[in-house]
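Heads up, the thing below is written out as structure tokens.
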Amino acid sequence: MAIKLGMVSLGCSKNLVDSERMLAKLRTHGYQLVTEPGEAEIAVVNTCGFIQSAKEEAIETILELGALKKEGTLKKIILTGCLTERYQEEAAELFTEADAVIGISDNRDIVDILDHVLAGERVVRFGKKTDAELTGDRIVTTLPFFAYLKIAEGCSNCCSYCAIPQIRGPYRSVPFADVMEEAQWLASHHVTELNVVAQDTTCYGEDLDQPQHLPELLRALCQIPGIRWVRVLYCYPERITDALLDVFVEELHMVPYLDLPIQHCDGTILHRMNRPGDEETLRRTIAHIRERVPQITLRTTLITGFPGETKEQFNRLGDFVQEMQFDHLGCFVYSEEEGTRAAQFEDQIDEEVRTHRAEILMEQQAEVNAAKNAAKVGSVVTAVIEGYDKYAGCYFGRTVADAPDIDGKIFIKSDRRLRLGAYISAEVFDTLDYDLLAEEVSDELAE
């Protein structure tokens, strides 16, 4: 009988793509893939080690699986991902319940590693970060109509608070032809929405001596038969160009949605973060984006409680956010990560203050979102169907203004049976927190 194997993928969408590639190798080798670790004989955990909360989640997951192993339900545990890559010796020593502790570049050899584990060996292996796999077959584990398309690995921005460069290594773009081949494969397997991801998508091509290559790539993705929506995430504000904005205006299948992680607006704080710009340049950039693409949905992320952030600087950030009226906003509490330059700063801020400041911004943003959603009442929007809520008696999905996993939903009443992944028109009649309530007004849209 085939050995049952379960994958636990933690952290970001980029990590998920890595997990999907490992799953493809394992299924090809004859493993039976199961969705619940409690049903598995082998569990592979693709960990996240980006910030403290992610590390805590990973450790909790490992301990839970360790308990299943003690009970005899689970036979083998394999650990990989950012946590193990970041804390190599510590992870190998601390997680004694793990039968293999490996780095991100060793994922390509996951089948061989499992062969050794099943032969009774304990494997501890850490290859070169730059050998991490950039391409490969994968099993899409998201809803079948959408997928994440990772166009680069690593990061060379070296923000002072971020451990990603030391975990993942320098920025490496996936060659254009390889990205297109994977996107075409996804489309041939009924994916209609591509969500383009990297640590910084706007850096795409720079390491290949092809700077500002992202617009060309997005245009090509929009031409793939069967693709309805192309969405790009993690665009750094200083690299937003007119060539990129033109793609949103000119390409029918390019979703007018821009994820712009600014982290802060104060020039002094940004300088200490090792990020360019200041409030004036950010205001100009955002105004220019909205002028060139009036229908754009803007999402951003912020960090509160960065070392040295004064009350005045935080208040300035709050005023800036209020005036910019972002459509979506996420806020991270600054995490003091060892090995980063910011962790060495002496003017660290109390954890309670960091957290309180984040809560203030999110409460402020909730009011902004409520007003923006209220303004949509009476409008007709395009939505993609993600499922059916039997308790509410309606379908739910997302509009072009909502990225998977991080933004709001739209709940839709319909008199007919709607299939998963259908693109329909719906009229918004009310709101519910961050979500919209709507009723279908037409049949599925034509291609």
statement: Checked pairs for the range 83-98, first in contact (Cβ under 8 Å) with a residue 60 or more places away in the chain, second surrounded by fewer than 20 Cβ atoms within 10 Å (Cβ to Cβ) and aromatic (Phe, Trp, Tyr), C-beta under 8 Å and 6 or more apart or across chains, list as GLU85/PHE126
query: Within the range 240-264, restricting attention to residues that are acidic (Asp, Glu) and part of a helix (DSSP H, G or I), which residue is least open to solvent (accessible area, probe 1.4 Å)?
result: ASP246
message: Being closer than 17 Å to TYR236 by Cβ and among the hydrophobic types (A, V, I, L, M, F, W, C) is the filter here; which residues of the range 294-312 pass it?
response: ILE296, LEU298, LEU302, ILE303
query: When you go through ALA220, ALA163, ALA198 one by one, which is the residue that is open to solvent by less than 30 Å² (accessible area, probe 1.4 Å), over 23 Å from PRO261 (Cα atoms), touching a residue at least 24 places away in the same chain (Cβ under 8 Å) and of a type outside the set (Lys, Arg)?
result: ALA220
task: Output the residue which, of all residues in the range 224-239 that are touching a His at 6+ places or on another chain (Cβ under 8 Å) and outside any strand (DSSP E or B), is nearest to ARG284 (Cα to Cα).
output: ARG228
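To keep it simple, each residue is scored yes or no on (1) within 23 Å of the chain's Cα centre (by Cα); (2) open to solvent by less than 40 Å² (accessible area, probe 1.4 Å); (3) on the phi > 0 side of the Ramachandran plot.
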position	(1), (2), (3)
CYS331	yes, yes, no
SER335	yes, yes, no
ALA343	no, yes, no
GLU346	no, no, no
THR355	yes, no, no
ALA371	no, no, no
ALA375	no, no, no
GLU386	yes, yes, no
LYS390	no, no, no
field: Members of the range 371-426 that are aliphatic (A, V, I, L, M) and outside any strand (DSSP E or B)
entry: ALA371, ALA374, ALA375, VAL377, ALA392, VAL400, ALA401, ALA403, ILE406, LEU418, LEU420, ALA422
- prompt: Inside the range 23-71, can you point out the residues that are assigned to a helix (DSSP H, G or I), over 26 Å from CYS162 (Cα atoms), in contact (Cβ under 8 Å) with a residue 40 or more places away in the chain and not β-branched (Val, Ile, Thr)?
  reply: LEU23, ALA24, LYS25, LEU26, ARG27, LEU65
field: Top-ranked residue in the range 100-136 [being at pLDDT below 95 and among the acidic types (Asp, Glu); ranked as nearest to ASP18 (Cα to Cα)]
entry: GLU133
statement: Every listed condition ((1) touching a residue at least 12 places away in the same chain (Cβ under 8 Å); (2) part of a helix (DSSP H, G or I); (3) surrounded by fewer than 21 Cβ atoms within 10 Å (Cβ to Cβ)) holds for ILE269 save (3)
- line: Filtering the range 51-108 for residues that are surrounded by fewer than 23 Cβ atoms within 10 Å (Cβ to Cβ) and on the phi > 0 side of the Ramachandran plot leaves a count of 1
task: Can you tell me which residue within the range 24-63, out of those that are touching a helix residue (DSSP H, G or I) at 6+ places or on another chain (Cβ under 7 Å) and either charged (D, E, K, R) or under 26 Å from ALA343 (Cα atoms) (or both), is modelled with the lowest pLDDT?
output: PHE50
message: Looking at the range 412-419, can you tell me whether even one residue there is under 20 Å from LYS372 (Cα atoms) and surrounded by 17 or more Cβ atoms within 10 Å (Cβ to Cβ)?
response: yes
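The values are calculated or read from the model by the stated rules, or taken from the named source; none is laboratory data. These numbers come from a predicted model, not from an experiment. Using ideal geometry, Cβ is built from the backbone for each residue, glycine included, and neighbour counts are taken over all protein chains shown. Please note that ligands, DNA and RNA were not included when accessible areas were found on the heavy atoms of the full protein model with its side chains. Shrake-Rupley method; radii C 1.70, N 1.55, O 1.52, S 1.80 Å.
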